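One structure is given below, encoded as structure tokens.
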Amino acid sequence: MAPVMRRAPPLFMMYRMTRESAPLPTPVRAPNTRSPFVRLRELLGDTPPGKPAISLAVGEPQHPIPDFVGPIIAKHVAEFGRYPANKGLDEFQQAVAQWLGRRYTLPRPVDWASEVLVLNGTREGLFLAALAAKNWVTPRGRPAVLIPNPFYAAYATGAVAAECEPVYLPTTRTTGFLPDLDLLSEELLARTAAFYIASPSNPQGAVANLAYLEKLTALARRFGFLIFSDECYCEIYSDRPPHGMLEAAGPDFANVAIFHSLSKRSSLPGLRIGFAAGDRSFMRTYLELRNVAAPMVPTPLQRVAIAAYSDEKHVEENRRLYREKFDLADQIIGDRYGYRRPAGGFFLWLDVAAQGGSETATQRLWREAGLRVVPGRYLAREQKDGSNPGADYIRVAMVQNNEITAEAMHRLVAVLG
């Protein structure tokens with residue numbers, strides 16, 4: 001019943017076969033694949049802010065970077081003069097494998113040499129993973145990539161670039177802000193190449209329990225598709241650490257690839273470093289693609305990452321700072337706009353249907369309060385019935401310091417009521 005899995009031929013052979021057998025395909029562009037931040041700039045246009053501007057739009061951590069970053073780069077600055085290996089330094093892969101073993105309850109240790117790859121940030125990693133997935137499985141019918149809706153834009157652009165059909169799965173309050181796995185038809189699952197999942201989710205901060213992850217991995221093995229688990233927010237949580245997909249993947253980690261980043265964990269968004277880990281057969285295919293298509297990660301930055309994955313004190317401090325800001329949201333916002341403190345991540349997902357919907361509320365907050373937030377409509381896509389799961393929400397990034405955050409929350413309540 002399951003689709004036949006096959007290892008992709010080398011990329012130069014794929015190109016040769018394409019040139020010799022058929023014309024190159026016409027580029028495909030899905031509707032609304034434009035950046036939500038470009039759309040936000042167009043929405044606000046030249047309207048001046050009503051008060052001194054505060055940006056709560058981009059999920060860019062503003063906490064101080066760890067003290068060890070500068071000295072490590074300075075010590076290894078000469079290594080910028082050499083091309084790094086695309087798979088990553090052995091020491092980097094080892095540090096990641098050891099951290100995964102400490103952070104999660106895994107069925108066995110991760111094999112650093114065959115199951116870990118360095119990434120130039122997870123955005124490019126998640127994007128290119130879709131291209132590799134299409135050549136790792138042979139779905140029955142037009143290949144599909146399943147995407148939670150709302151979602152991180154790289155998922156959809158990767159699906160479109162791979163010439164797969166993006167299928168958007170609504171994640172609403174009634175579904176616990178996670179895709180409802182029971183609603184997926186066998187016909188759809190049989191032609192699925194990859195399933196993107198984020199836990200904690202962006203933007204709602206929902207966390208999948210272990211039973212949910214195990215159910216998803218069981219479907220992946222039955223139908224032969226890959227799970228791409230975006231776990232970038234896993235170290236920012238309110239109560240208990242979220243489970244990871246490798247905990248549910250069984251001893252061979254089959255059909256699973258996880259993606260992590262130091263952007264959120266260590267407040268290092270400009271370092272552009274993360275990793276992918278999981279199914280070793282997919283990692284081989286993925287590395288073949290990355291060897292010819294992906295940016296390499298400078299080794300001084302990998303040295304910083306080795307230190308970051310070996311240290312928990314800065315992560316605990318980072319988490320404490322986010323908790324303080326959510327304490328402020330609890331006090332100032334209360335039960336307005338359907339607010340509930342999220343289980344993970346650093347976003348507020350506020351229901352502004354009574355205030356005219358996401359775009360109207362966004363414009364008002366900028367025009368009257370100088371607050372820059374993101375309309376939920378821009379983070380989601382229209383479903384087949386014409387509904388948009390983000391249309392009634394705004395996303396608020398809790399990335400500023402406590403003083404600015406408190407000011408922003410008071411302004412928001414003053415404008416939206």
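The values are calculated or read from the model by the stated rules, or taken from the named source; none is laboratory data. This one's a predicted model, so the numbers in the text were calculated from it and none came from an experiment. Positions of Cβ are generated from backbone atoms using ideal geometry, with glycine treated the same way; all protein chains shown enter the neighbour counts. These accessible areas exclude ligands, DNA and RNA; they are computed on the full protein's heavy atoms, side chains included. Shrake-Rupley method; radii C 1.70, N 1.55, O 1.52, S 1.80 Å.
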Checklist entry - If the Cβ limit is 7 Å and pairs must be 6+ apart or interchain, which residue in the range 358-380 that is within 21 Å of Thr171 (Cα to Cα) pairs with which residue that is part of a loop (DSSP other than H, G, I, E, B) and among the polar types (S, T, N, Q)? => result Arg377/Asn388; Ala380/Asn388
Item to check | The lone exception for Cys164 - which of (1) open to solvent by less than 30 Å² (accessible area, probe 1.4 Å); (2) within 15 Å of the chain's Cα centre (by Cα) it fails | outcome: (2)
Item to check | Selected residue [out of contact with any Pro (no Cβ under 8 Å at 6 or more places or on another chain), in contact (Cβ under 8 Å) with a residue 40 or more places away in the chain and open to solvent by 10 Å² or more (accessible area, probe 1.4 Å)] from Glu214, Glu187 | outcome: Glu187
Checklist outcome for this item: Here the residues within the range 373-417 that are small (Gly, Ala, Ser) and crowded, with 21+ Cβ neighbours inside 10 Å are Gly376, Ala380, Gly390, Ala397, Ala408
Checklist entry - Within the range 243-292, which residues are in contact with a Gly (Cβ under 9 Å, 6 or more places away or on another chain), of a type in the set (S, T, N, Q) and surrounded by fewer than 24 Cβ atoms within 10 Å (Cβ to Cβ)? => result Ser263
Checklist outcome for this item: Of the residues in the range 121-130, those that are at pLDDT 95 or above and buried (at least 24 other Cβ atoms within 10 Å of the Cβ) number 4
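Results for (1) more than 20 Å from the chain's Cα centre (by Cα); (2) of a type in the set (D, E, K, R), shown as yes or no for each residue.
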{"site": "Cys232", "(1), (2)": "no, no"}
{"site": "Glu235", "(1), (2)": "no, yes"}
{"site": "Lys264", "(1), (2)": "no, yes"}
{"site": "Ala293", "(1), (2)": "yes, no"}
Checklist entry - Restricting the first residue to the range 297-323 and requiring it to be without any contact (Cβ under 8 Å) to a residue 12 or more places away in the chain and outside any helix (DSSP H, G or I), which pairs with a second residue that is surrounded by fewer than 21 Cβ atoms within 10 Å (Cβ to Cβ) and not aromatic (Phe, Trp, Tyr) meet a Cβ separation below 9 Å and a spacing of at least six or different chains? => result Glu312/Arg102
Checklist entry - Just one of Glu368, Glu359 is in a helix (DSSP H, G or I), modelled with pLDDT of 95 or more and in contact with a Pro (Cβ under 8 Å, 6 or more places away or on another chain); which is it? => result Glu359
Checklist entry - Of all the residues that make up the range 247-304, how many are touching a helix residue (DSSP H, G or I) at 6+ places or on another chain (Cβ under 7 Å), within 22 Å of Tyr196 (Cβ to Cβ) and among the aliphatic types (A, V, I, L, M)? => result 14
Item to check | Close pairs (7 angstrom Cβ cut-off, 6 or more residues apart or separate chains): under 16 Å from Glu359 (Cα atoms) and hydroxyl-bearing (Ser, Thr, Tyr) in the range 41-54, open to solvent by 100 Å² or more (accessible area, probe 1.4 Å) and outside any loop (DSSP other than H, G, I, E, B) anywhere | outcome: Thr47/Arg367
Next on the checklist: Which of the helices (runs of 4 or more DSSP H) found entirely inside the range 233-296 contain at least 3 residues meeting this: over 18 Å from Gly205 (Cβ atoms)?
Outcome noted: 245-248, 280-293
Checklist outcome for this item: Subset of the range 293-302, residues open to solvent by less than 10 Å² (accessible area, probe 1.4 Å) and of a type in the set (Ser, Thr, Tyr), comes to none
